[in-house]
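Every read-out reported here was derived from the displayed coordinates using simple, explicitly stated rules and does not represent laboratory data. Keep in mind it's a predicted model, so treat the numbers as computed, not measured. Neighbour counts are summed over all protein chains in view; Cβ atoms, including those assigned to glycine, are modelled from backbone coordinates with ideal geometry.
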Amino acid sequence: MARLLSRLLRHIQRRSTSGGGPEGGMALVLSLSVAFVVFALGAVWIGLGTHQVTITGRDKLRDQARNAAEAGLNAAMSGLSADESFTGLALTSVVGGQFEVSVLPVSVDPTDPRRYLVARGYAPTKASPQRVARRLEQQIELLPTDGFRYALFSSPGGIAGANKMTVNGDVYANGNLSLSNNATVAGSVTSLGSVTTANNSTIAGDVQAANNVTLDNPATTVLGNVYAGGNVTMTGHVKGSVQAGGTISGGTVDGARAQHSPPAPPDAQTLPTFTWDPADYPVGGVSTWATPAAFNTYFSAHTGAFKGTHRISCPAPCTTAVNLGSKWTMTDDTTIVADGPITLSRDMANGAGHPVTLTIVSLFTDTVTTPAIAMSNNVTLPDDVDVVFYANHGSVKFSNLKHFTGTVYASSITLDQQFTLTFKPVSRPGFDFGLTSSSHFQIQAGAFKEVPYS
């Protein structure tokens, strides 16, 4: 451009000194017009370049501000995982910006586990005259990790399913986990071993296994993601993505496939411990029994109105089971703790007029023929009875149709056909979940949204 302007000026100068003739004046005007246009175009080009640089810098600051706000949301969730009373953080610096985050209650109910997070991100800083500010909001729910939080939990053994089982909740197995035909899990499935499904199974959450995952039959569907430390073999359908330490073969995957890319292994968890202490229960509500036979006699005489806490000893060799073998009615919370095996083989009614909890604890070690807890004969328990089955040294075995609400924690679990369990978190005395970290809550987070900054 400078060279062109120089040539134009020299041309004008020559025309001026030579007189220009009759057209000299016109040539001078034309030359000046061209020079003006060239100057104007140059100014426009310079302005466009400057504007583009400004826009690029502004976009970068917008990205940094959003990243800072996301860091604020993550910091709030980290704080809430250890302390449910966490209320937020003042202005905090991160790489590329700053954030501040507030934690608000969702309702006036102090027991409401929901929280609403408001994070504001700034770049380069909040005090900068050229700052960019963005605001993100997110609702989360706190799920206690120092309590029962799985519908089915087995350790150190596994879980064996059966036809047409339905579990409304999450499932965890320290060993292998197998689901038979027409199984439905309305939650996640986690195993430190392998996970295997059969025909027409549906899993609403993620599948995570330390070893292999096998999804059999085209009618088997996983609505979440699949993570396997080993291989993933499938003829089924995964709505999310699949990540495996080994190979991924067959099936339909709506998301991404990432084979030979080991995911983080599932967290290793163990059964909570149980300690019997009569002081944990209401005064006057604890009964102790020297033998299962003595308790069984008492139970048979009080099936019309049964309640309280019962501790049943069983001198070795323990061969007599605690037998809830008659139809019975609960009139308040009931806890049964036995050294020996426990069987339930008849329906139970809730006569309390309000929801109650039934806690069954067996400290028995399985024999070849006798599980720690057995539930048989098409027993159905009312939905307003929250049930806890716990067997730390043995298995819980279900036979024939079962329907109840609650949770099952055992060394291993065997399910039968038509099994239906709806998870209900409960808190019962005597159980210690032995937290090994500072995390007391799992965060269940919804999607965050951006709103105008204010």
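Reported to two decimal places, what Rg/Rh ratio describes the chain when computed on Cα atoms with Rh from the Kirkwood expression?
Over the Cα atoms of the chain, Rg/Rh equals 1.29.
List the residues, sorted by chain then number, that are 5 or more residues from Thr288 or on another chain and whose placed amide H is less than 5 Å from its amide H.
Excluding prolines and chain starts, which carry no amide H, the hits are Arg311.
Extending each Cα 7 Å along its Cβ direction at Ser78 and Asn217, get the distance between those two points in nm, one decimal.
Going by the 7 Å Cα→Cβ label model, 4.5 nm.
Give the order of Asp206, Asp277 when sorted by the count of other beta carbons within 10 angstrom, beginning with the fewest.
Starting with the residue having the fewest Cβ neighbours, the order is Asp277, Asp206.
Relative to the longest principal axis of the chain, what angle (0 to 90°, nearest 10) does the C-alpha long axis of helix 2-17 take?
20
Please compute the modelled spin-label separation between Ser128 and Ala290, points set 7 Å along Cα→Cβ, answer in nm with one decimal.
Once both label points are built, they end up 8.2 nm from each other.
Sorting Val426, Val132 on the 10 Å Cβ count, fewest up front, what's the list?
Least crowded to most crowded, the residues run Val426, Val132.
Specify the angular offset, from 0 to 90 degrees and rounded to the nearest 10, of the alpha carbon long axis of helix 24-82 from the longest principal axis of the alpha carbons in the chain.
Tilt of helix 24-82: around 20 degrees.
Do any of Lys424/Lys449; Lys164/Lys424; Lys164/Lys327 go past 23 Å between their Cα atoms, and which?
Lys424/Lys449; Lys164/Lys327, as the Cα separations exceed 23 Å there.
All other residues with a Cβ under 14 Å from the Cβ of Arg311 taken together, and with Lys, Arg as +1 and Asp, Glu as -1, what is their net charge?
That works out to -3.
Along the charge dipole of the chain, Cβ charges K/R +1 and D/E -1, which of Val356, Ala162, Thr252 sits furthest on the positive end?
Going by the charge dipole, the pick is Thr252.
Taking the Cβ-Cβ separation of Asp277 and Thr247 as r and a Förster radius of 56 Å, what is the calculated FRET efficiency to the nearest 0.05?
That gives a FRET efficiency of 0.60.
Kindly write out, for segment 268-279 in residue order, the coupling ³J(HN,Hα) from the Karplus curve 6.51 cos²θ - 1.76 cosθ + 1.60 (θ = phi - 60°), rounded to whole Hz, with x marking Gly and Pro.
7, 10, 10, 4, x, 8, 10, 10, 7, 8, x, 5
Of the options Val322, Trp276, Thr303, report the single residue whose Cα projects farthest towards the positive end of the charge dipole of the chain (beta-carbon charges: Lys, Arg +1; Asp, Glu -1).
Trp276
May I ask you to evaluate 6.51 cos²θ - 1.76 cosθ + 1.60, the Karplus curve with θ = phi - 60°, for each residue of segment 154-163 and list the ³J(HN,Hα) values in order in whole Hz, giving x for glycine and proline?
10, 6, x, x, x, 10, 10, x, 9, 4
Pulled fully out, how much extra length does the chain show between Asp267 and Ala90, if you take 0.36 nm times their separation in residues and subtract their Cα-Cα distance?
Between Asp267 and Ala90, full extension yields an extra 60.5 nm.
Rounded to the nearest 10 degrees, what's the angle between the helix 292-301 long axis and the longest principal axis of the chain, both from Cα atoms, 0 to 90?
So the inclination is approximately 90 degrees.
Based on alpha-carbon centroids, what's the gap between segment 112-171 and segment 322-398 in Å, whole number please?
32
Between Tyr116 and Ile443, what length comes free when the chain is fully extended (0.36 nm per residue of separation minus the Cα-Cα distance, one decimal in nm)?
So the extension gain works out to 116.5 nm.
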